[in-house]
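The values are calculated or read from the model by the stated rules, or taken from the named source; none is laboratory data. Bear in mind that the values here come from a model prediction, so they are computed numbers and not experimental data. Reconstructed Cβ throughout: ideal geometry from the backbone, glycine too, with neighbour counts over all protein chains shown. Note: areas computed on protein heavy atoms with side chains; ligands, DNA, RNA excluded. Shrake-Rupley method; radii C 1.70, N 1.55, O 1.52, S 1.80 Å.
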Amino acid sequence: MNDMEWRRPLLPVTEGPVPAWVDRELYPFQPQLMELPGEGALSYLDEGPKGADPVVFVHGTPTWSFEWRALVSALRSRYRCLAPDYLGFGLSERPFGTEYTPEAHARRFRMWLDALELRDVTLVVHDFGGPIGLPAALDRAGPVTRLVVLNTFMWSLQDDPDMARKARFAG
């Protein structure tokens, strides 16, 4: 199998439900649902040709994949567009007792990304999508080869009490 062929994800994927509150004219997609072992069911968009170059959109807080709907619609004829909803956001599950820190979201994002076995990814991050998605780009063995960085950050908040407080408040 060459690098451009689509492969089935390592974790089970099903079509996810779309609740009645979602405006189907604005969000005409069929989300997928991947069960992350010991974590919960993560909803995500997977639009476009399966063998096309993947573009992965990582949303901020308190948004979800809906944020990327116009770009996904515009690019899905040429690219495989993927946009996850973190646990507790959008159409993903909201498991009780789950950790919702940027670090926990980053760990689950990497589980999802690894399960899809994507290569040559263009990673698009916005807002809290930076600390959640950018760690995957720092791994030399990882799948990310191109970055689009929009109004985000990626540094430790330990030395900035004000930002640490805001981050805890945001989830």
Search result, residues across segment 14-26 that are farther than 18 Å from Leu113 by Cα, open to solvent by less than 90 Å² (accessible area, probe 1.4 Å) and out of contact with any Pro (no Cβ under 8 Å at 6 or more places or on another chain): Pro19, Val22, Asp23, Leu26
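Determine which member of the set Pro84, Pro143 is touching a residue at least 24 places away in the same chain (Cβ under 8 Å), of a type outside the set (D, E, K, R) and over 26 Å from Leu26 (Cβ atoms).
Values: Pro84 fails: over 26 Å from Leu26 (Cβ atoms).
The unique qualifying residue is Pro143.
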Which of the residues spanning segment 105-161 are over 22 Å from Arg94 (Cα atoms), in a loop (DSSP other than H, G, I, E, B) and open to solvent by less than 60 Å² (accessible area, probe 1.4 Å)? Leu118, Gly142, Pro143, Phe153, Leu157, Asp160
Cross-chain or 6+ apart pairs with Cβ under 9 Å, segment 14-29 first and free of Cβ contacts under 8 Å to residues at least 24 places away in the same chain, then in a loop (DSSP other than H, G, I, E, B): Glu15/Gln30; Glu15/Pro31; Arg24/Val18
Being under 16 Å from Gly129 (Cα atoms) and assigned to a loop (DSSP other than H, G, I, E, B) narrows it down to one of Gly51, Gly60, Gly38, Gly97, so name that one. Gly60
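Quickly run through segment 32-47 and pick out the residues that are touching a residue at least 12 places away in the same chain (Cβ under 8 Å) and within 16 Å of Arg94 (Cβ to Cβ).
Pass one, segment 32-47, residues touching a residue at least 12 places away in the same chain (Cβ under 8 Å): 32-37, 39-47.
Within segment 32-47, Leu33, Met34, Glu35, Leu36, Glu39, Gly40, Ala41, Leu42, Ser43, Tyr44 meet the criteria.
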Quick one: which residue in Ser92, Ser73, Ser43 is part of a strand (DSSP E or B), of a type in the set (Ser, Thr, Tyr) and surrounded by 14 or more Cβ atoms within 10 Å (Cβ to Cβ)? Ser43
Consider Phe29 carefully, then state whether it is crowded, with 19+ Cβ neighbours inside 10 Å, in contact with a strand residue (DSSP E or B) (Cβ under 7 Å, 6 or more places away or on another chain) and part of a helix (DSSP H, G or I). no
